[in-house]
1. Would you report the distance distribution of C-alpha pairs in the chain as whole percents per 10 angstrom bin, up to the bin with the largest distance?
2. Cα convex hull of region 286-331: how many Å³ per residue?
3. Averaging over every viewing direction, what projected area does the convex hull of the Cα atoms of region 155-294 cover, in nm²?
4. For region 24-102, how big is the tail of P(r) above 14 Å, as a whole percent of Cα pairs?
5. Give me Met341, Met158 sorted ascending by neighbouring Cβ count inside 10 Å, so fewest comes first.
6. Going out from 0 in 5 Å bins, what whole percent of all Cα-Cα distances in region 180-250 drops into each bin?
7. Please find the FRET efficiency linking Glu100 to Lys313, where r is the Cβ-Cβ separation and R0 is fixed at 25 Å, and quote it to the nearest 0.05.
8. Just from the alpha-carbon atoms, what are the Rg and Dmax of region 70-142 in angstroms?
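Bear in mind these aren't lab numbers, they're just calculated from the coordinates by the rules spelled out. Bear in mind that the values here come from a model prediction, so they are computed numbers and not experimental data. Glycine also receives a Cβ, built like all others from the backbone with ideal geometry; neighbour counts cover every protein chain displayed.
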Amino acid sequence: MEIKDKKQNKVRVAISHGDLNGIGYEVILKTFNDSRMFDSCTPIVYGLSKVGSYHRKTIPNLGIDFNLIKNCISANPKRLNIINVTNQDVKVDLGQSTEEAGELSYLALEKATEDLTKTCDVLVTAPINKDNIQSKDFNYPGHTEYLAEKFADDEELMILASKALRVAVVTGHIPISQVAQFITKDLIIRKLKIFEKSLIRDFGVRKPRIAVIGLNPHAGDNGLLGKEENEIIIPAIDEAKENGILAFGPFPADGFFGSDDFLKFDGILSMYHDQGLTPFKIISFEDGVNFTAGLSVVRTSPDHGTAYEIAGKNKAMPDSFRAAIFMACDIFLRRKEYDKMHSNPMKEVKVDRSKRDISVEELPEINE
């Protein structure tokens with residue numbers, strides 16, 4: 001069976017519904033209430049049509065509804081499609097964290113991920129509750145770690161991106177008390193390599209400049225306030241430079257983000273979660289996107305959480321979710337173009353030896 005939107009060259013977006021008691025359905029509905037969204041993508045929500053209808057009733061004057069389908073292949077390219085991930089009856093408790101919501105968050109994510117490797121192009125995840133989703137099947141701090149294990153041949157990097165800046169983190173969802181012991185020279189270098197590759201391949205930056213933030217106040221003040229900068233971070237930056245990466249720093253986090261210095265760089269590598277995400281959300285909360293770099297698949301999400309406190313009150317803004325959809329599509333198409341440009345066309349040459357053509361083996365290697 002042919003996928004309906006294949007000829008239209010539109011990106012098929014798998015959307016996991018997240019926590020059904022949060023604002024996930026509200027931002028999804030508000031995003032696709034603008035019919036122009038269907039010009040570039042075909043959305044397929046993995047969730048529950050009855051739950052979607054329930055949330056729809058909480059939003060007055062909405063001009064869109066869900067189109068129930070059985071699988072991704074049958075998605076209508078002009079509709080907001082939804083696939084039921086279970087047939088069980090579900091109770092919606094707006095603003096509440098429930099075990100049932102956690103189970104269905106995982107089930108939707110699992111089914112969307114399965115189709116991502118078969119019939120869908122990209123994955124956009126609505127917010128989950130990292131506590132109620134925990135189970136024997138999902139024992140991860142968040143989406144990033146789950147996807148990293150799902151695609152085990154890859155190495156992940158959390159990047160928060162917006163029009164204003166791109167921030168990545170060396171350590172992600174770990175307790176602050178463990179950050180220093182996790183930071184090593186090799187880890188920083190690995191993250192810098194992933195970051196540089198993603199900035200080039202996913203964001204179209206030809207030769208990215210990356211700022212590295214120090215771990216300690218004042219970037220250690222030459223060892224007075226901590227030794228990690230002198231013993232780990234600076235040697236990592238130096239080795240990265242030897243490998244051709246334009247890495248600079250380490251910079252004190254407060255002064256770096258407090259001034260306009262971040263505008264001089266294509267990417268910023270922070271040492272831990274809140275060090276990078278706090279200033280990012282202050283600067284770019286409305287259009288910020290969480291992107292998991294380093295994977296063979298494309299996954300984005302809005303940079304906000306379940307927002308239980310406003311669930312069902314028609315107060316959620318769709319800007320970040322809309323930006324996540326656009327970024328996922330842009331990265332998918334940019335990767336295709338990049339890989340096409342950097343592939344070796346000579347490998348596809350068919351040799352006719354009767355016409356004395358040279359063989360592929362006789363051609364010189366092409367250095368990228």
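1. That works out to 5, 23, 29, 22, 14, 6, 1, 0, in percent per bin.
2. 74
3. Averaged projected area of region 155-294's Cα convex hull equals 7.6 nm².
4. 62
5. Exposure proxy ranking, most exposed first: Met341, Met158.
6. 3, 18, 27, 22, 15, 9, 4, 1
7. 0.70
8. 13.5, 38
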